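Asker: Can you keep this structure in mind? I'll have questions shortly.
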Amino acid sequence: MERSIGFKERRYIEELRILTRSTAVDCIIDDRFDRVIYVIKPGDMGLAIGKKGENIQRLSRQLGRRLEMVEFAEAPEAFIANIIRPAELAGLAPPDDEGKVDLLLRHREDLGIVIGRNGCTIEKVRALARRFFDLVIDDVRVAPGADAEPASDAEADHED
């Protein structure tokens, strides 16, 4: 899928490269949530973040916006897992009739993390999944039986 990167995005990518010596694959300027989302080349995340987040803080002050960084992955599931980390992705549901897919999570507690304040995290997932893999993310659900596994182990211990 071909992505177009505007002048401002190129400038932001270059600022990141100069400051951190890391490579950004893409950059999205999200005015709705007043942030810049960098998609970082695999293996360059440590360079991009810097010691104790120093690089992110410096670049954020320089650009005057909040920064978010996501490590790129070739597989859609791995890439989405990187976006929603520390929440655990169980997988993607098969596409429905309209071609929309649902995110399946391992734990019910992760729903808040994936949705984010005012929906900012799920909107980031939707934008990046569409941009890189032409996936339309519809809903976020807990995978069937995902929360039941640890509970059933505990119940089995009590039955003995």
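Asker: Let me know the whole percent of all Cα-Cα pairs from region 75-152 that are separated by more than 22 Å.
Answerer: Considering region 75-152, 18 percent of its Cα-Cα pairs are separated by more than 22 Å.
Asker: For E88, enumerate residues with amide H under 5 Å from its amide H, sequence gap 5+ or separate chain, H modeled in the peptide plane.
Answerer: R106, H107
Asker: Counting only DSSP beta bridges with both residues in the chain, tell me the antiparallel percent, nearest 5.
Answerer: In the chain, DSSP labels about 45 percent of beta bridges as antiparallel.
Asker: Tell me which residues come under 5 Å, amide H to amide H, from L135 once H is placed; ignore anything under 5 positions away on its chain.
Answerer: For L135, whose amide H was placed from the backbone, the distant partners under 5 Å are R130.
Asker: Further question: Once label points are set 7 Å from the Cα along Cα→Cβ at both F133 and L92, what is their separation, rounded to one decimal in nm?
Answerer: 0.3 nm
Asker: Sticking with this one: Given a 10 angstrom Cα cut-off, can you work out which residue in A93, A24, A81 is the most mobile in a GNM of the chain?
Answerer: Sorting by GNM fluctuation, first place goes to A93.
Asker: Report, in deg cm²/dmol and to the nearest 500, the calculated mean residue ellipticity at 222 nm for the chain, where each DSSP H run with n ≥ 4 adds -39500 (n - 2.57) and the sum is divided by the residue count.
Answerer: Value at 222 nm, helices only, nearest 500: -12500 deg cm²/dmol.
Asker: From the square roots a ≥ b ≥ c of the eigenvalues of the alpha-carbon gyration tensor of the chain, which class results: rounded (a/c under 1.5), prolate (a/b over b/c), or oblate?
Answerer: prolate
Asker: For a quick check, take a GNM of the chain with Cα springs below 10 Å and name the residue from L89, L103, L47 with the largest mean-square fluctuation.
Answerer: Greatest mean-square fluctuation among the candidates belongs to L47.
Asker: Residue separation times 0.36 nm, minus the C-alpha to C-alpha distance between S60 and K100: what's the value?
Answerer: 11.0 nm
Asker: Mind jotting down the distance between the C-alpha centroids of region 121-142 and region 68-119, whole Å?
Answerer: Value for the Cα centre distance between the two parts: 7 Å.
Asker: Among N55, N118, N82, determine the one that fluctuates most according to a GNM of the chain built with springs between C-alpha atoms less than 10 Å apart.
Answerer: N118
Values in this text are rule-based calculations from the coordinates and carry no lab data. This structure is a prediction, so every number in the text was calculated from the model and none was measured. We place every Cβ from the backbone using ideal geometry, glycine too, and count neighbours over all the protein chains shown.
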